[in-house]
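Since every read-out is calculated from the coordinates, none of them should be taken as a lab result. Just so we're clear, the structure is a prediction, and the values are computed from it rather than from any experiment. When we count neighbours, we look across all protein chains shown, and the Cβ atoms used for this are built from the backbone with ideal geometry, even at glycine.
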Amino acid sequence: LHSLMPVLGQMGITSLLVEGGSRIIHSALAAGIIDKVFLFYAPKLLGGNDGFPLCSGQGPEKMNQAVHIKDMNVRWFENDIMIEGYLGK
């Protein structure tokens, strides 16, 4: 992903939607190519050891090492919630 960004920039593409599972999200975060996020939440609880996390890979050891979302805008779509925001540095 990191090597793809300069190529897209040369083509005049300045925005890219990255949608995928936990491995894709982890790769994009690790490559440092995400600046804006849209997170969707539904009022459902899933359990079990075989579930899929939002992001795979090595997580932070402490809360102050977590990725922060700033300048958030929250919208409701019936029972679902969308959070739009920018990654803090």
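Entry note, the chain: relative contact order of 31 percent, from Cα contacts under 8 Å with a spacing of 6+ residues. Roughly how tilted is helix 22-31, in degrees to the nearest 10 and between 0 and 90, from the longest Cα axis of the chain? The two axes meet at around 40 degrees. Put in line by how crowded their Cβ is, counting other Cβ atoms within 10 Å and starting with the fewest, K36, K62 read K62, K36.
Working ranking of peptides 22-33, 3-14 by packing, defined as the average number of other Cβ atoms within 10 Å per residue, highest first, is 22-33, 3-14. Phi-derived couplings, Karplus 6.51 cos²θ - 1.76 cosθ + 1.60 at θ = phi - 60°, listed residue by residue for region 54-62: 4, 9, 8, x, 6, x, x, 7, 10 Hz, with x used for Gly and Pro. Working note: Debye formula, equal point scatterers on the alpha-carbon atoms of the chain, no solvent; log10 I(q)/I(0) at q = 0.11, 0.26 Å⁻¹ is -0.40, -1.44.
Our estimate of slack between L17 and L1, defined as 0.36 nm per intervening residue step minus the Cα-Cα distance, is 4.5 nm.
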